[in-house]
Each structure stands twice: as structure tokens, then as C-alpha cells.
Amino acid sequence: MAAIQSVMQETRVIAPPQGMVEGAAVSGMPAYQALVAEAERDFEGFWARLAREHLEWKKPFTKVLDSSAAPFFKWFEDGKLNASYNCLDRQVAAGLGDKVAIRFESDDGQVTPVTYKALLARVCRLANALKAMGIKAGDRVIIYMPMTVEGVMAMQACARIGATHSVVFGGFSAKSLHERIIDAGAVAILTADEQMRGGKALPIKSIVDEALAMGGCEAVRNVVVYRRTAGAVAMTAGRDQWLHDLEAGQADTCEPEWVSAEHPLFILYTSGSTGRPKGIQHSTGGYLLWALLTMKWTFDIKPGDVFWCTADIGWVTGHSYVAYGPLAAGATEIVFEGVPTYPNAGRFWDMIARHKCSIFYTAPTAIRSLIKACDVDPAAHPKKRDLSSLRILGSVGEPINPEAWMWYHDNVGGGRCPIVDTFWQTETGGHMITPLPGATPLVPGSCTLPLPGIFAAIVDETGHDVENGNGGILVVKKPWPSMLRTIWGDPERYRKTYFPAELGGNLYLAGDGAVRDRVSGYFTIMGRIDDVLNVSGHRLGTMEIESALVANSRLVAEAAVVGRPDDMTGEAVVAFVVLKGKRPEGEDAKAMARELRDWVGREIGPIAKPKEIRFGDNLPKTRSGKIMRRLLRTIARGEEITQDVSTLENPAILEQLKRAI
Ligand code: WTA
């Protein structure tokens with residue numbers, strides 16, 4: 001609440017710089033308002049115009065939106081196109097073949113430029129190799145690769161042949177990878193021998209081997225391995241092949257597979273409030289339209305720009321703003337393999353200066369940790385570099401607190417660069433609520449206004465609009481082209497999760513709370529209203545972590561996981577655990593906490609490790625046996641319990657848990 005109030009009391013308003021307004025894709029508020037009005041006046045006509053103007057269609061669509069099976073919407077369905085064609089061939093045909101598409105910087109600082117022509121040729125070679133393995137349109141391919149040119153190539157090659165990719169973040173465990181292989185029904189995996197992070201080589205291929213050995217993966221007949229480090233890996237004959245061998249044997253042209261606009265381009269797993277991660281299924285046409293259009297509107301991308309989105313391809317931001325959007329826009333982008341703190345905390349700023357980066361897009365967690373790093377190492381300060389190439393800054397993944405916003409604006413942006421605080425989700429495919437750099441007056445901490453065509457609103461628990469100034473539930477009232485199409489293999493869960501009957505069944509439920517400013521109507525996101533945590537901009541389900549803990553049936557009897565605010569990571573995971581054996585104290589408790597943290601790391605991935613584990617003889621429960629998570633949240637925050645505890649079966653447990661650190 002404190003964060004929201006400070007935003008609500010925020011009085012600083014920063015107008016877009018005059019130089020930015022002129023020539024911007026959306027130039028000035030009247031231009032923004034005209035687009036909003038166009039979408040209100042002629043909703044389908046608006047989207048049809050944009051889809052025709054911005055994408056190249058092999059076969060034009062005749063119908064814009066099909067709502068007959070709502071909430072399973074279809075956009076541009078009878079139109080045919082190819083995403084890879086729109087990202088690569090189209091640029092080459094427009095004379096951009098020799099333009100650098102990707103400027104790759106490795107962990108150890110080596111820079112490799114790759115032109116559009118060269119990228120297209122490599123994508124075609126890999127696409128041909130995948131086809132030669134018998135992979136065809138509609139097959140699912142898992143990509144478990146580091147941030148490299150080859151990672152982007154893998155995604156583009158799948159798109160080229162119509163195979164639906166599912167990228168799994170390289171930090172996920174073998175078990176998480178296994179779950180996704182099975183759920184997606186994958187027939188092949190693209191991976192690397194190892195990945196480099198912060199000067200260290202970390203295994204990848206061996207994790208794939210481990211996942212495949214867990215069983216049930218007989219459908220996976222091919223594993224393609226990119227040789228990144230040349231570290232020792234085991235290759236299984238008849239199944240595993242080196243990427244460079246495959247590329248060498250193939251032609252560098254490949255006719256794209258022309259697919260329906262509704263063809264699933266990818267599935268990306270994300271955490272929900274209950275159960276297993278859900279496979280968010282995205283389309284080809286609607287998705288690509290928005291990835292491209294938001295590059296133009298939100299980032300005002302221009303031919304001379306050097307664009308850098310620091311997100312990993314394992315997350316949706318790395319899909320829309322690394323693998324697809326920048327290439328569809330014909331931009332030059334930086335792809336960075338490493339971490340912001342290696343060889344020192346000035347790495348991002350050094351790279352911006354060296355590459356003359358003009359648009360920089362990162363997460364608040366990174367900014368906060370780099371602010372802190374400057375205290376320790378003044379040489380890491382952005383002001384020590386020439387960052388004059390920057391013109392636009394972006395923020396994504398979690399709320400940005402006004403202090404971090406101002407620091408970013410003043411020290412990185414030199415006070416001249418608008419910050420686009422982009423609110424969106426894996427499910428939305430691209431930006432939803434964001435300032436436009438040449439139009440929207442900025443208020444630190446607010447993501448300002450919805451993009452044209454996006455009918456975002458705030459409602460109460462019954463689905464009725466709330467007045468500006470009152471908090472509520474963030475919803476979207478009309479479908480939009482880049483929205484998820486379903487949850488892979490579970491349409492009922494899609495309907496229930498995103499279009500709940502309690503809200504009338506026709507509003508898209510984002511899962512976040514929000515408030516609009518009384519006067520400006522600006523949106524401020526107040527964070528998740530479900531059991532999803534946002535740790536360093538990564539989505540984690542509390543239930544998922546609980547399941548991981550109780551899966552340790554040797555040690556754990558019961559577990560409850562909650563979040564608490566954290567200055568650095570936004571939120572932190574706190575687990576309350578009841579062991580099967582005696583409740584440990586002192587050093588024993590520390591050792592046990594370490595063991596369980598590592599266990600969660602192996603079950604899900606290091607990002608899910610609880611920051612804190614507290615042991616109790618029991619958990620606070622109602623007489624009917626329900627765990628009272630509200631109380632656990634209060635305890636985790638170190639706050640006094642003011643809630644009514646009269647329904648509690650065992651009030652004495654609260655004191656124990658408060659003390660148990
Ligand atoms: C949060 C990441 C505040 C929000 C693109 C959302 C944000 C979840 C912002 C989606 C922002 C994302 N301000 N909160 N600018 N951007 N979020 O699926 O809670 O990894 O629901 O997509 O991140 O996370 P996801």
C-alpha cells in the first residue's frame with residue numbers, strides 16, 4: 001500500500017521532450033487520442049487496417065475477428081503468413097540484407113555482428129535440418145538454450161517451418177524441463193553443450209539428458225546441440241546431433257511454411273495461482289502484429305536505432321522484444337549472453353556506451369541492484385560513461401518504485417530520455433498499458449494509459465466499473481489480436497482462469513490489482529491479487545513452491561509459502577515448514593533450511609528458492625483445517641498481527657513462527 005500511496009501522491013509530471021514528439025510514430029497526445037478514438041469507433045476496422053499495413057500476408061485475411069466461440073477468439077484466421085518471413089526475408093527484400101540484425105556480445109565481451117542476410121541463411125539451414133528430421137508444421141519443439149544468436153535462430157527456424165516452439169528458461173531444473181516436454185508433447189529439443197554466465201560455464205545438455213531419462217519422453221527423437229563452450233558432453237547416438245554439422249549439410253534457402261494467422265507460433269509456460277505451470281498458447285498473426293506494432297508505438301523504433309532488451313529468450317519479454325519484435329521492425333538489436341554484474345556492475349552502462357545503444361529496456365530489479373552496486377563500487381556508476389546515445393528507456397516485469405524511476409531517468413537517461421513503464425504479461429503477448437515516448441506525459445511509478453485498441457478497465461468483484469481513485473481488479477473488456485488463445489491442452493482452465501464467471505464471463509482477468517488516478521485516469525499497478533509472486537520480475541506460484549517442498553516426503557510434513565516485500569527483488573519467497581521429525585533450532589535449522597532451499601532449486605530452479613524458511617511444530621489453521629495464509633503473510637513481513645485470530649485452532653503457533661528465524 002505504501003508504494004501505491006507514494007505513486008498516488010506523486011506530483012512530478014514530465015512532458016515528452018520536444019525533439020521526441022516530432023517525428024514520433026505516435027506524435028503528441030492528439031495523435032494518441034485519435035488512434036484510441038479510431039479503435040472505439042470501428043474496432044475491427046482499426047485492427048484490420050493495422051494488420052494490413054504492418055504485416056506481409058501471403059494470403060490476405062477476409063474476416064477480422066471471430067467471436068463465435070468466445071472467449072476462444074480468432075483473429076485474421078483465413079489469412080496466411082509466416083513469422084520468420086516477416087522478420088527476415090522481408091528486410092532482405094527491402095534492401096536491409098547487409099544491416100546488422102543482431103550484435104551479439106558474449107559473457108566474456110566478444111562482439112559478433114550478424115546481418116539480416118546472414119541470419120536468414122542460418123535460419124534456413126536449421127529449418128531445412130529440422131524438416132529433414134521429419135519435424136513438420138504443428139509439431140512442438142522445446143528450446144532450452146542460452147541467450148545467443150543460436151537461441152534466436154532456433155525460434156525463427158521453428159517459426160519458418162510452422163513448428164510450435166516452447167522455450168524453457170535455462171535456469172529451470174531437469175524436473176521442470178521434463179514437465180514441459182511431456183505437457184507440450186515435444187518431438188525434438190534444441191539445446192547447447194553449456195552456457196556461460198558471469199565467467200562460469202554451466203551445464204545445459206546434461207540437464208536435457210537428465211530430463212529425458214525421467215521417462216515418458218519417447219516422442220523426443222532428436223536433440224540438436226549448439227557447441228557453445230566445447231565442454232565435454234555425452235552425445236547419444238541416433239538421437240543427438242551437433243548444430244554445426246546439421247547446418248553444414250543444408251541449403252541456405254528454405255521456403256517458409258505459410259500458416260493460418262491462428263497457427264500456434266509458440267507455447268510459453270508460466271506460473272499460475274494453482275497447480276502446474278500453464279502453457280500459454282500464442283498465435284502467429286495477431287501475436288506478430290502486436291510485437292511489431294509495439295516496437296513502433298512504444299519504442300518509436302527508427303532505422304538508425306540500436307535496440308537492447310536485456311530479457312532472456314526464456315521469458316515472454318525475450319520472445320516479443322528479442323526474438324520477434326525487433327527483427328520484424330528491421331532493427332539492429334543487442335543480444336547479451338551474460339549478467340549485469342560481470343565483470344563488474346558497470347557492464348550494462350559500458351555496453352550501452354560501446355554499442356551506442358539508443359533504446360534500452362530492462363527490469364526494475366536490475367535497476368535497483370545496480371543502484372545499490374554503485375554504493376559499493378563508485379566506478380560502476382552510469383554517470384562515469386558516455387550514455388548520450390540513449391533516447392528512450394523502458395521498464396518491464398514488475399512495478400517500478402518512484403525512487404528507482406527517478407534514478408534511472410536522471411543517471412542513465414541523463415534527464416532527457418522518456419521512460420516507458422510497460423505493463424503486460426505472458427498472456428497478453430505484448431505491451432498493454434504504457435506511456436508513448438513522443439506523446440504521454442510521464443508520472444514516475446505509473447504505467448499511464450492503455451495502448452490504442454486495448455480496453456483496459458478496473459472493476460470490483462462483480463465485474464462492475466469502479467470510479468477513478470478507487471482500487472480494483474484490472475481487466476480488459478475486449479479481445480485483442482496478441483492475446484493468448486488458450487492454455488495448451490486445457491481450454492477449460494483457460495476459460496475459468498481468464499474469463500471467470502464471477503466477473504460475467506466476458507472480461508479478461510489480468511490477475512493484478514490496479515488504481516486509476518482521479519484526474520488523469522492514469523493506471524498504477526498494485527501487484528498480483530492471486531497466489532502468484534513476482535520475484536525479480538519472475539513469476540512464481542506459491543502453490544508450485546509448496547508442492548515442491550512437500551514432494552520431499554522424507555523430510556517435509558507440511559509447507560505454506562507466501563511472499564513479502566523485498567527492497568531488491570520486489571517480492572521474496574518465505575516458506576513455513578513443518579518437518580516430519582523434530583523442529584530444528586539454531587545451526588540445525590540453518591542446515592535444514594539450506595537443504596530444503598537446494599531441494600526447491602532442483603525441483604523447480606534456483607529462481608524459486610525461498611529466501612527464508614521458518615520451521616514450526618504446526619501451521620496456523622482454522623478449525624476446519626484451512627491454513628490461514630493471511631496470518632503467515634503478516635508474520636513474514638514482521639508486522640504485528642491485528643487480524644482476528646479467534647477462528648484459529650492453535651493460536652500459540654503464531655508466537656513460535658514469529659520467533660522462528
Ligand atoms: C507484473 C512479464 C507493474 C504484473 C512481461 C503482471 C508489472 C506480471 C509490469 C506478468 C509493470 C509486468 N508494472 N507490474 N510495468 N509488467 N508486471 O507474465 O504483476 O512474466 O501480471 O510478463 O508481471 O509477468 P510475466
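The values are calculated or read from the model by the stated rules, or taken from the named source; none is laboratory data. Values in this document were obtained by computation on a predicted structure and should not be read as measured data. Cβ placement follows ideal geometry from the backbone for every residue including glycine, while neighbour counts extend to all protein chains displayed. With ligands, DNA and RNA removed, areas are computed over all heavy atoms of the protein, side chains included. Shrake-Rupley method; radii C 1.70, N 1.55, O 1.52, S 1.80 Å.
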Item to check | Single residue of the range 392-410 satisfying the filter (open to solvent by less than 30 Å² (accessible area, probe 1.4 Å) and more than 21 Å from residue 439 (Cα to Cα)) that is nearest to the ligand (Cβ to nearest atom) | outcome: 398
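Here's the yes/no breakdown for (1) within 25 Å of the chain's Cα centre (by Cα); (2) of a type in the set (S, T, N, Q); (3) outside any helix (DSSP H, G or I); (4) at positive phi:
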| position | (1), (2), (3), (4) |
| --- | --- |
| 85 | yes, no, no, no |
| 95 | no, no, no, yes |
| 121 | no, no, no, no |
| 125 | no, no, no, no |
Item to check | Top-ranked residue in the range 24-44 [being over 14 Å from residue 297 (Cα atoms) and touching a helix residue (DSSP H, G or I) at 6+ places or on another chain (Cβ under 8 Å); ranked as surrounded by the most Cβ atoms within 10 Å (Cβ to Cβ)] | outcome: 39
Next on the checklist: Cβ-Cβ distance below 7 Å, separation of 6 or more or different chains: which pairs start in the range 411-424 with a residue that is away from the ligand (no atom under 16 Å from the Cβ) and end on one that is assigned to a helix (DSSP H, G or I) and among the β-branched types (Val, Ile, Thr)?
Outcome noted: none
Checklist outcome for this item: In the set 366, 373, the lone residue that is within 16 Å of the ligand (Cβ to nearest atom), farther than 15 Å from residue 422 by Cα and either at pLDDT 95 or above or surrounded by 17 or more Cβ atoms within 10 Å (Cβ to Cβ) (or both) is 366
Next on the checklist: Being within 14 Å of the ligand (Cβ to nearest atom), within 23 Å of residue 51 (Cα to Cα) and touching a Pro at 6+ places or on another chain (Cβ under 8 Å) is the filter here; which residues of the range 430-475 pass it?
Outcome noted: 432, 433, 435, 449, 456
Checklist entry - Does residue 149 satisfy the condition of being modelled with pLDDT of 95 or more, farther than 16 Å from residue 221 by Cα and surrounded by fewer than 22 Cβ atoms within 10 Å (Cβ to Cβ)? => result yes
Checklist entry - List the pairs whose first member sits in the range 428-449 and is in contact (Cβ under 8 Å) with a residue 24 or more places away in the chain, whose second member is within 13 Å of the ligand (Cβ to nearest atom) and charged (D, E, K, R), and whose Cβ atoms are under 6 Å apart, counting only residues at least 6 apart or on separate chains? => result 447/421
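Residues 285, 318: which one is open to solvent by less than 10 Å² (accessible area, probe 1.4 Å) and either within 11 Å of the ligand (Cβ to nearest atom) or under 10 Å from the mean Cα position of the chain (by Cα) (or both)? Steps first, please.
Details: 285 fails: either within 11 Å of the ligand (Cβ to nearest atom) or under 10 Å from the mean Cα position of the chain (by Cα) (or both).
So the residue among 285, 318 that is open to solvent by less than 10 Å² (accessible area, probe 1.4 Å) and either within 11 Å of the ligand (Cβ to nearest atom) or under 10 Å from the mean Cα position of the chain (by Cα) (or both) is 318.
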Checklist entry - Quick check: anything in the range 387-398 of a type in the set (Lys, Arg), in a loop (DSSP other than H, G, I, E, B) and modelled with pLDDT of 95 or more? => result yes
Next on the checklist: So if I check each of 653, 627, 635, which one is under 18 Å from residue 544 (Cα atoms) and among the β-branched types (Val, Ile, Thr)?
Outcome noted: 627
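With the requirement that a residue be charged (D, E, K, R), near the ligand (Cβ under 10 Å from one of its atoms) and surrounded by fewer than 20 Cβ atoms within 10 Å (Cβ to Cβ), what does the range 478-534 give you? Let's see the steps before the verdict.
Initially, the range 478-534 is screened for residues charged (D, E, K, R), giving 478, 485, 490, 492-493, 495-496, 502, 512, 516-518, 528, 530-531.
Adding the requirement that they be near the ligand (Cβ under 10 Å from one of its atoms) leaves 512, 528, 530.
528, 530, listed by residue number.
Restrict the check to the range 37-45 and report whether at least one residue is in contact (Cβ under 8 Å) with a residue 60 or more places away in the chain and not in a helix (DSSP H, G or I). Let's see the steps before the verdict.
Kept after step one, since they are in contact (Cβ under 8 Å) with a residue 60 or more places away in the chain, are these residues of the range 37-45: 38-39, 43.
Okay, now just the ones that are also not in a helix (DSSP H, G or I), so none.
Checked the range 37-45: no residue is in contact (Cβ under 8 Å) with a residue 60 or more places away in the chain and not in a helix (DSSP H, G or I).
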Checklist outcome for this item: Output for Cβ contacts, cut-off 6 Å, separation at least six or different chains, first residue in a loop (DSSP other than H, G, I, E, B) in the range 307-324, second of a type in the set (Val, Ile, Thr), reads 310/362; 311/317; 313/167; 313/322; 314/167
Next on the checklist: Any residue at all in the range 555-566 that's open to solvent by less than 10 Å² (accessible area, probe 1.4 Å), out of contact with any Leu (no Cβ under 6 Å at 6 or more places or on another chain) and over 24 Å from residue 180 (Cβ atoms)?
Outcome noted: no
